[in-house]
Each structure stands twice: as C-alpha cells, then as structure tokens.
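The values are calculated or read from the model by the stated rules, or taken from the named source; none is laboratory data. Just so you know, these numbers come straight off a predicted model, no measurement behind them. Positions of Cβ are generated from backbone atoms using ideal geometry, with glycine treated the same way; all protein chains shown enter the neighbour counts.
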Amino acid sequence: EAGVAQSPRYKIIEKRQSVAFWCNPISGHATLYWYQQILGQGPKLLIQFQNNGVVDDSQLPKDRFSAERLKGVDSTLKIQPAKLEDSAVYLCASTQERGYEQYFGPGTRLTVT
Amino acid sequence: KQEVTQIPAALSVPEGENLVLNCSFTDSAIYNLQWFRQDPGKGLTSLLLIQSSQREQTSGRLNASLDKSSGRSTLYIAASQPGDSATYLCAVNGSSNTGKLIFGQGTTLQVKP
C-alpha cells in the first residue's frame, strides 16, 4: 500500500514570495491533516479536512495561509506572502477515520530567507 | 487546554540497555494516545496507538503504557540498538475524538554501539 506522498521535499524562497505544497493521502483515507513542525518542536495542526470539507482550521493563519482539498483526495497548502517565521517542515497526514492511526508523509522543508 | 510534555529532551544510552521514555499530559480526558518515531529529515512513523480504555500496547521490543488518571504514558524499549536512534514523539487525541493530535516536543534518543 502506497504511503502519504508530498511534494516538493524542499523549498527555499525569499520572504514575501508565495509557495504551495501538495499532498496525496493514502487511498481511501477520508481525513487529511496539515501540520507545521518548527525545528525542535512537535508538530502543530494547521488544518483538518473530512473528505473535502474543513473540520478544524482554528490554528491556520488565514491572512496568509490557505488550503483546499478538491474532490476529497489530494490537497494543497499555500502560503502568500511568506514570512521568516514560516520556516518549518510541513507535514501531511491521513487516516481512515478520526481516532484511527494517523499516517504521515515525508514532509516539505521550507526555508524562508 | 491540553499540554503534552516529554522529559528528557535528549537521552544517550549504550547499546543493549532497556530504557523508558516519558510523556505527560494535563487533561486526562483523552480518546487515545499515539507514539511516533521521527528520523532526521523524515516524516513521522507510527509506533503504537493506545485507546483510552487500554493500559498497554506491545509491538516487538516496544511496549507503551497508559495511566489516564495520572496523565502519563511511557514507551519502554527493550534491548536498545543503534538503529533505535531517533526522536520519539507522543501525541494525544482529545476525548471528543476530533482526530486533532496534540504533540509533545519529543525525546531525542541516541544509542551508542
């Protein structure tokens, strides 16, 4: 069974530029999560989707971050404009149902200079 | 507000030792708790998931226990090997089972040959 796929793996941009990350969850997984992991910290949830609807985006900085999950499968996370403090690893996870084991992708390491 | 703490932040042991990693959480009303492993530059790999009604879960040389009333979980690693070197993270899912995981900061383990 294929795992959670993410791209790109690495991205370096200058502040005020925009960037987008892509995630393809495990086939059949209805719930998809985006987490932000700053160096030395545990991941923090940014947004949670159930199929193509948003369940929780309370910690998403909506003035600069946006996310969508078209057709309830792939998802994209966008940052526009980026700030220095957005430098982090962005992790995508999926699960069959809420409360089940979450499976994580390899992450995208973003560096904002 | 749920807070998860992992102590120590780093641990170095000689190969072959049995060791215990600690995780504490402030709100005992949880649905389940999950332990993850993270290798440098990689995503998270799920190790064990314990439901709130369970006391422990085992997988190979790993054993995770849960004491909900005291807000504690431990991950026991038997006969440690250099390949066990990684960062170990615990995460809790609240009693309402939104699926949102609250993570600790992690314990970085080094097993020396």
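Of note:
- Residues (within 14 Å of another protein chain (Cβ to nearest Cβ) and of a type in the set (S, T, N, Q)) located in region B:74-106: B:87, B:93, B:95, B:96, B:97, B:98, B:105
- Residues considered: A:76, A:108, A:113. Of these, the only one that is of a type in the set (S, T, N, Q) and crowded, with 17+ Cβ neighbours inside 10 Å is A:108.
- With respect to the conditions (1) surrounded by 15 or more Cβ atoms within 10 Å (Cβ to Cβ); (2) modelled with pLDDT of 95 or more; (3) not charged (D, E, K, R), residue A:55 falls short on a single one, namely (2).
- Residues of region A:44-88 satisfying the condition of being out of contact with any Gly (no Cβ under 9 Å at 6 or more places or on another chain), part of a loop (DSSP other than H, G, I, E, B) and within 14 Å of chain B (Cβ to nearest Cβ): A:57, A:58, A:59, A:60
- Lone unmet requirement of (1) under 14 Å from the mean Cα position of the chain (by Cα); (2) under 23 Å from residue B:89 (Cα atoms); (3) not in a strand (DSSP E or B) for residue A:33: (3)
- As a summary of the residue check, residue B:37 satisfies the conditions (1) within 12 Å of the chain's Cα centre (by Cα); (2) exposed (fewer than 13 other Cβ atoms within 10 Å of the Cβ); (3) under 18 Å from residue A:44 (Cα atoms) except for the one numbered (2).
- The listed residue being hydroxyl-bearing (Ser, Thr, Tyr) and farther than 16 Å from residue B:102 by Cα, out of B:46, B:59: B:59
- Among residues of region A:1-51, those that are free of Cβ contacts under 8 Å to residues at least 60 places away in the same chain, buried (at least 18 other Cβ atoms within 10 Å of the Cβ) and farther than 21 Å from residue B:41 by Cα, counted: 3
- Taking the numbered list (1) touching a Leu at 6+ places or on another chain (Cβ under 9 Å); (2) under 25 Å from residue A:34 (Cβ atoms); (3) without any contact (Cβ under 8 Å) to a residue 40 or more places away in the chain in turn, residue B:59 passes all entries but (2).
- Here is the figure for region B:11-27: residues that are more than 11 Å from chain A (Cβ to nearest Cβ) and in a strand (DSSP E or B) total 10.
- Residue list for region A:33-51, restricted to those being of a type in the set (A, V, I, L, M) and touching an Asp or Glu at 6+ places or on another chain (Cβ under 9 Å): A:38, A:45, A:46, A:47
- Whichever residue in region B:28-48 is at the interface with chain A (Cβ under 7 Å from one of its Cβ atoms) and outside any strand (DSSP E or B) and, among such residues, is farthest from residue B:72 (Cα to Cα): B:42
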